[in-house]
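Report on the structure given below.
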Amino acid sequence: MIREWGFDTITVGIEVEVPEEEVPLRVREEIKRADALIAIATPRFGDALTGLWRTLEWLHGEVGIAFGVDKPLLILKDKRVSLGGLLSYLSGAGHIPYIEFDPYNLEELKLKLSTVMPVLESG
């Protein structure tokens, strides 16, 4: 869906291959080079105590880097995920565009993206 808006997506470890020890520096370089960061919070780890789903820890670091260098940000959050930290603050305080989505209703996500992506594009 992101590519449909003319964005090229870059994921270190997929489109950009680097040795494991260089990943953190390359992530920072790619974020600095990017026009924007679209953070997609999907469930990765279930918390046995609370029953909540958490996303990848890397996502928190990537958002922190982008926020620190004033990159435009968009957070897409699967409705099953509990964010916490900077992601929660930014999405909850209305500082950046934030869309919560149902992974079983991607047409609704597509509609919501149509209101946010033109703003991010012009960003």
task = Provide Phe45, Phe7 in ascending order of the number of other Cβ atoms located within 10 Å of each residue's Cβ, fewest first.
result = Phe45, Phe7
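Within region 1-36, report the GluC sites (Glu not before Pro) that DSSP leaves as loop and that have at most 16 other Cβ atoms within 10 Å.
Sparse-neighbourhood loop GluC sites (Glu not before Pro): Glu15, Glu17.
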task = Hey, can you grab everything whose amide H is under 5 Å from the amide H of Leu52? Only 5+ residues off in sequence or another chain; H modelled, so Pro and N-termini drop out.
result = Asp47
remark   = Counting lysine pairs in the chain that sit 8 or more positions apart or on different chains, with Cα atoms under 24 Å apart, gives 8
ask   = If you add up the charges near Val27, with Lys and Arg at +1 and Asp and Glu at -1, over every other residue whose beta carbon is less than 14 angstrom from its beta carbon, what do you get?
value = -4
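Nearest 5 percent is fine: what portion of the DSSP beta bridges confined to the chain is antiparallel?
Counting DSSP beta bridges with both partners in the chain, the antiparallel share is about 15 percent.
Under 11 Å from the Cβ of Thr42, count the other residues' Cβ atoms, weight Lys and Arg +1, Asp and Glu -1, and hand me the total.
Here the charged neighbours net out to +4.
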note = Under 14 Å by backbone N from the virtual spin label 7 Å along Cα-to-Cβ at Glu108, the residues of region 51-82 are 77-81
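Just so you know, all these numbers are worked out from the coordinates, no wet-lab data involved. Predicted model, so just to flag it, every value in this text is computed and none were measured. Every residue, glycine among them, receives a Cβ derived from its backbone with ideal geometry; neighbour counts consider all protein chains shown.
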